[in-house]
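The values are calculated or read from the model by the stated rules, or taken from the named source; none is laboratory data. These numbers come from a predicted model, not from an experiment. So basically every Cβ, Gly included, is an ideal-geometry build from the backbone, and we count neighbours across all protein chains shown. Heavy atoms of the whole protein, side chains included, go into the accessibility calculation; ligands, DNA and RNA do not. Shrake-Rupley method; radii C 1.70, N 1.55, O 1.52, S 1.80 Å.
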Amino acid sequence: MSDIIQLLPDHVANQIAAGEVVQRPASVVKELLENAIDANATDIKLLIKEAGKLLIQVIDNGKGMSQTDARLSFERHATSKIKKAEDLFNLHTKGFRGEALASIAAIAHVELKTKQENTDLGTSIKIEGSSLVSQETIATTTGTSIAVKNLFYNIPARRNFLKSNTIETRHIVNEFQRVALAHPTISFSFYHNESEIYNLVSSNLRQRIVAILGKKTNEKLVPINEVTDVVEINGFVTKPEFAKKKRGEQFFFVNNRFIKNAYLNHAVTSAFEKLLSGGYYPTYFLFLTVPTKSIDINIHPTKTEIKFDDEKTLYAILRSTIKHSLGQYNVAPVLDFERSASFDTPYEFKNKKSSTPKVQVDPNFNPFKSEEKSTLKYPYKKENTSKWESLYTGINVDNIEVESETINSALFSETSSNSKTYQIHNKYIVSSIKSGIVYINQNLAHQRILYEEFLENITVKEAMSQQLLFPLEISFNKSDIELIKNIKEDLENIGFLFDRILDDTIIIKGIPVTIVESQITIIIEQLLEDIKNDVPETSFSQLDIMSKSLAKTLAIKTGNKLDLREQEELVNKLFSCKQPDLSPFGKTTFVTINIDEIDRKFNN
Ligand code: ADP
Ligand code: MG
């Protein structure tokens, strides 16, 4: 039989490699920013258009490339950063694989302009889908500019797979923030569709954090500094009272490279134990410096995973360093109980059972309470009770009620005589149905109800809003503001009214009638977080994510007591939903138990 193995042509190999290196526009941003840093740039500009789908350009004032290097830089495994295998264990640069530019050039239109300091003229190169279109000598400034246009133009499947501009921009902002935080002395600017997102001057780490995350961050930061034989730790954590109900702002850098590491994250979180209530996450910016020999960064092409020689020791050092710093800054309870609590201001832990962060949803909030008036204004769709009725048809309601009344005092603590529903454990609504009994999970059922209502309101665009007596100001960091601008119209469709959106603050003058004012901040924060995380993979659009997020935040919780009218309303609304059996996140909202099953239990 003849030989069948062939070497793949370069452009095919490059396209395959590109699949690993470039998942989305943000991957290109990361590679280009890192190349600029490796070239010792002190000033880096990032310009993007249409969330990077149209253009990603990075302009640096680094060392530039010679004419030959400029051409070579697009070859696969072409790198100036390592020469031999041993160099892999002594890395001081971001890149080393020599894959990024080759991969990017395989799947986009790339224009490179570069010039070294000691030459008068520079080089311009155009490459499309791995093939050289032109190479010229040009007059240009020292440094490098790389423009990547029409990403995935030749791989429609990948291009179609990209998420909405909001989500892709969010990924780019994340990459930008990581790089900018790791290099505070480098000045960075970032423009999206010609509007400025960030303009960061050369500064120290604290100033850089504040410039990225907003003025209010400054007072929240607790410095962390520790030098040991195995690791040096620098950076900041935020005081526990500023913990967020989202994981977003957690940054680990090892040797100035952003990494994700669940184990080390656990070390930080555990240092906060007892200071944070469930569901709250500390914000941190931690820089670990370890000997290059003790890590292996070469695990994944996108290089956010990392392997340490001695993770256990690192864990212990990290945890105790943070605990110690929190104690030093009077953030954690001090051992000296004699001291007056006022000495520890503003953190009077003595008067608190545990430190509960300020932003919290009122656990007793019951959206049904206000509904008497809101049903008048709120455009609920006409109730379609068909599914509900079909469960009930054929039962003699009177009969069942009499039955349940007899057993009621023994089995149920809270019910009234002519009711069809009971609430048990402040968690489930129980009711008799034709075939037996139905148990409804109140939280999941309400999520389904709200989800369908919000989705309808967002798409139909006729939700009602209530004017606030005093406009509400909420501050956000710049990138969150960008995100809010992007979803403003959708928010308006569900009943939010904006007075103004400033650089770091939004002013709200109206909110949906279904929401109470005290919840707005948490609702919007959760909403932004869910959009950023693009939580449900199956979601068909941003509107869907928004509706899910709002439903999750606003649904009545387990533990809320519902009166009869509320129970009945929940049941009726659930069964007039389009898909009553599942929560918007796919969980079962109710279970039924057949009378046969019950009978069987008595036949033993
Ligand atoms: P790597 O960064 O892994 O070496 P890349 O494909 O990202 O691989 O880049 C290939 C080479 O091109 C780099 O090693 C470097 O020599 C050169 N290069 C890339 N970007 C720049 C830049 N902005 N300034 C100067 N040289 C660059
Ligand atoms: Mg590189």
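Conditions tested, residue by residue: (1) within 29 Å of the chain's Cα centre (by Cα); (2) of a type in the set (A, V, I, L, M); (3) away from ligand 1 (no atom under 16 Å from the Cβ).
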position	(1), (2), (3)
L91	no, yes, no
S103	yes, no, no
A139	no, yes, yes
Y191	yes, no, yes
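When the range 181-202 is filtered for residues that are over 16 Å from F251 (Cβ atoms) and either open to solvent by 20 Å² or more (accessible area, probe 1.4 Å) or assigned to a helix (DSSP H, G or I) (or both), the ones remaining, listed by number, are T185, S187, Y191, H192, N193, E194, S195, E196, N199, V201, S202. Scanning the range 122-137 for residues that are more than 13 Å from ligand 1 (Cβ to nearest atom) and within 13 Å of A70 (Cα to Cα) yields S124, K126, L132, S134, Q135, E136, T137. Evaluate the following for A157: is it surrounded by fewer than 18 Cβ atoms within 10 Å (Cβ to Cβ), farther than 18 Å from E31 by Cβ and hydrophobic (A, V, I, L, M, F, W, C)? Judged against the criteria, A157 is a match. For the criterion of being closer than 17 Å to I59 by Cβ, within 19 Å of the chain's Cα centre (by Cα) and open to solvent by 20 Å² or more (accessible area, probe 1.4 Å), E175 passes. You will find that of I125, I82, the residue that is hydrophobic (A, V, I, L, M, F, W, C) and over 14 Å from V148 (Cα atoms) is I82 and no other. Answer with yes or no whether L276 is open to solvent by less than 10 Å² (accessible area, probe 1.4 Å) and either closer than 22 Å to E529 by Cβ or hydrophobic (A, V, I, L, M, F, W, C) (or both). Here the answer is no, as L276 does not meet what is asked. So which of I146, I172 is within 16 Å of ligand 2 (Cβ to nearest atom), outside the structural domain of K478 (by TED's automatic domain parsing) and in contact with a helix residue (DSSP H, G or I) (Cβ under 6 Å, 6 or more places away or on another chain)? From the options I146, I172, the qualifying one is I146. Of the helices (runs of 4 or more DSSP H) lying entirely inside the range 16-125, those containing at least 1 residues that are open to solvent by 60 Å² or more (accessible area, probe 1.4 Å) and away from ligand 2 (no atom under 16 Å from the Cβ) span 67-72. E219 satisfies every condition listed in (1) within 25 Å of the chain's Cα centre (by Cα); (2) over 25 Å from T42 (Cβ atoms); (3) surrounded by 20 or more Cβ atoms within 10 Å (Cβ to Cβ) except (3). P584 falls short on exactly one of the conditions (1) part of a loop (DSSP other than H, G, I, E, B); (2) outside the structural domain of F498 (by TED's automatic domain parsing), and that condition is (2).
How many of the residues making up the range 206-216 are open to solvent by less than 70 Å² (accessible area, probe 1.4 Å) and touching a residue at least 24 places away in the same chain (Cβ under 8 Å)? The number of residues fulfilling the criteria is 5.
Restricting T228, T321, T238, T313 to those that are open to solvent by less than 10 Å² (accessible area, probe 1.4 Å), more than 28 Å from H171 (Cβ to Cβ) and not assigned by TED's automatic domain parsing to the domain that holds Q519 reduces the list to T321. Within the range 448-476, the set of residues being farther than 28 Å from N572 by Cα and surrounded by fewer than 21 Cβ atoms within 10 Å (Cβ to Cβ) comprises Q467, L468, L469, F470, P471, L472, E473, I474, S475. Report whether or not T119 is within 11 Å of ligand 1 (Cβ to nearest atom) and either more than 20 Å from G129 (Cβ to Cβ) or at pLDDT below 95 (or both). In short, no. Scan the range 441-451 and tell me whether some residue there is in a strand (DSSP E or B), polar (S, T, N, Q) and within 30 Å of E597 (Cβ to Cβ). Yes, the conditions are met somewhere in the range 441-451. In the range 59-81, what residues are more than 8 Å from ligand 1 (Cβ to nearest atom), of a type outside the set (G, A, S) and more than 30 Å from the chain's Cα centre (by Cα)? Passing the criteria: N61, Q67, T68, R71, E75, R76, H77.
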